[in-house]
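These notes concern the structure reproduced below.
Values quoted throughout were computed directly from the atomic coordinates according to the rules given, and no laboratory measurement underlies them. All values reported here derive from a predicted model rather than from experimental measurement. Note that each Cβ is placed from the backbone with ideal geometry, even for glycine, and that neighbours are counted across all protein chains shown.
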């Protein structure tokens, strides 16, 4: 795929950075970096475009998209995005993963599950 991230690198504390960044946010996709990557890869990367740059607009979702929803990006799209940012995407376990004995995250915990279930409707949890 890609040997290195295609995004612009803004060192933490750099005056060129668009905002104060954490170390993990130092690679930023820009219109220019996406254009270079599109040419380099020979692929249309408009799905990663920014508002106002001619990228296709999707209908405003009524709810958040979750894995398995038609609006959720495919594994291939997530892989390409991760490649574009140098593999810095993280795939955290879902909040309720602790409630499932058999899952790919393998983090079952009855006490954590009870905590999540008891606080599920609170905006501070989600």
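Laid out as a table, the results:
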quantity: Length released on extending from residue 47 to residue 89, taking residue separation times 0.36 nm less the Cα-Cα span; calculated: 13.4 nm
quantity: Label-point separation in nm, residue 117 to residue 39, each point 7 Å along Cα→Cβ; calculated: 5.7
quantity: Most mobile listed residue (24, 33, 102) in the chain, GNM with C-alpha springs under 10 Å; calculated: 102
quantity: On Cα atoms only, tilt of 31-41 relative to the major axis of the chain in degrees; calculated: 90
quantity: With Cα atoms, 0 to 90° folded angle of helix 75-84 axis to the chain main axis; calculated: 50
quantity: Degrees between helix 110-119 axis and first principal axis of the chain (Cα, 0 to 90, nearest 10); calculated: 80
quantity: Per-residue [θ]222 nm for the chain (sum of -39500 (n - 2.57) over DSSP H runs n ≥ 4, rounded to 500); calculated: -7500 deg cm²/dmol
